[in-house]
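Can you read through this structure? Questions will come right after.
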Amino acid sequence: MPPRRLPDGAEGRAEAARALEAGGIVAFPTDTVYGIGVALGTPGGIERLFAAKQRPPDRAIALLVADADQAAGIGELNAPAVALARGFWPGGLTLVVPRRGDRTLPAELTGEGAHATVGLRVPDHDAPRALARAVGPLPTTSANRSGEPEARDADALEAELGDALDLILDGGPAAGGPASTVVDTTADPVRILREGAISAEAIDRCLASAGLPGVGR
């Protein structure tokens, strides 16, 4: 059976939130490509995301969050993380931060051990922020089979992943562009793990304006 497909908007987002709360996998537009996500508390939900993508489970995925306050409820934001969040959220920046000690998260998001970390991003698109506001931080990965191009519209993602999805929130063609820049703020100085939408020079300028050391090289 094909997934339900609804236009992005208030009604579609409400239905998508209900599908997530019921344990479903939902596809939605972001500021780059389409993503697929599950509610954080869904039993086996992250494993279903990996299975849908045919992706090895040793490759971590990030949480999309509604805003910096929601991020601070999941991870510990130090001075560099706060400065970068203020400078680039919402936008193409994923911050790797320590998991809060009072939060339990699946190992697929944090890894094991005492120094568990989590990747957090506030996307520059209303749909994922609204869903995260409704159901909590969303484990999310791009809407494509592992190793294949990312889906740029609802037709493409339904053709590739439709059997694994419960609902598609159709926001038209995705904007595309580079993936988010991933910055490890647990390092001193911070390190760029993947340069993407935001350049290393822009990261350096933001940190310098806050009186903080630049990116480690």
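Within the stretch 175-197, take every residue that is in contact with a strand residue (DSSP E or B) (Cβ under 7 Å, 6 or more places away or on another chain) and open to solvent by less than 20 Å² (accessible area, probe 1.4 Å) and give me the one that is farthest from residue 12 (Cα to Cα).
Per the criteria, the residue is 190.
Moving on to the next point. Suppose we filter 83, 156 for residues that are of a type in the set (A, V, I, L, M, F, W, C), surrounded by fewer than 21 Cβ atoms within 10 Å (Cβ to Cβ) and farther than 24 Å from residue 44 by Cβ; which single one remains? It would help to see each step written out before you state the result.
On the way: 83 fails: surrounded by fewer than 21 Cβ atoms within 10 Å (Cβ to Cβ).
Exactly one residue qualifies, and that residue is 156.
Okay, moving on. Name the pairs: first residue in the stretch 151-177 and over 14 Å from residue 52 (Cα atoms), second residue in a loop (DSSP other than H, G, I, E, B) and of a type in the set (A, V, I, L, M, F, W, C), Cβ to Cβ under 8 Å, at least 6 apart or on different chains?
The qualifying pairs are 152/33; 152/174; 153/174; 174/33; 174/151; 176/33; 177/197.
Where in the stretch 1-50 are the strands (runs of 3 or more DSSP E), entirely inside, with at least 1 residues that are open to solvent by 10 Å² or more (accessible area, probe 1.4 Å) and modelled with pLDDT of 95 or more? Spell out how you get there, then give the answer.
Details: elements: 4-7, 26-29, 34-37.
Those strands (runs of 3 or more DSSP E) span 4-7.
For the stretch 91-121, give me the residue count where each residue is outside any strand (DSSP E or B) and either over 24 Å from residue 41 (Cβ atoms) or modelled with pLDDT under 90 (or both). Quick ask: steps written out before the conclusion?
Initially, the stretch 91-121 is screened for residues outside any strand (DSSP E or B), giving 91-92, 100-116.
Filter once more, keeping what is either over 24 Å from residue 41 (Cβ atoms) or modelled with pLDDT under 90 (or both): 91-92, 101-116.
Residues meeting the conditions: 18.
For the stretch 198-214, what are the residues that are more than 27 Å from residue 126 (Cβ to Cβ) and either open to solvent by 20 Å² or more (accessible area, probe 1.4 Å) or not aliphatic (A, V, I, L, M) (or both)?
Filtering the stretch 198-214 for residues more than 27 Å from residue 126 (Cβ to Cβ) gives 200-201, 204-205, 207-214.
Those that are more than 27 Å from residue 126 (Cβ to Cβ) and either open to solvent by 20 Å² or more (accessible area, probe 1.4 Å) or not aliphatic (A, V, I, L, M) (or both): 201, 204, 205, 208, 209, 210, 211, 212, 213, 214.
Could you say which residue among 124, 166, 170 is open to solvent by 40 Å² or more (accessible area, probe 1.4 Å), touching an Asp or Glu at 6+ places or on another chain (Cβ under 8 Å), more than 30 Å from residue 76 (Cα to Cα) and modelled with pLDDT of 90 or more? Step through it out loud before you land on a result.
Details: 124 fails: more than 30 Å from residue 76 (Cα to Cα); 166 fails: touching an Asp or Glu at 6+ places or on another chain (Cβ under 8 Å).
Result of the check over 124, 166, 170: 170.
The values are calculated or read from the model by the stated rules, or taken from the named source; none is laboratory data. Because the structure is predicted, anything quoted here is derived from the model rather than measured. For neighbour counting, all protein chains shown are included, and Cβ atoms are generated from backbone atoms with ideal geometry for every residue, glycine included. Note: areas computed on protein heavy atoms with side chains; ligands, DNA, RNA excluded. Shrake-Rupley method; radii C 1.70, N 1.55, O 1.52, S 1.80 Å.
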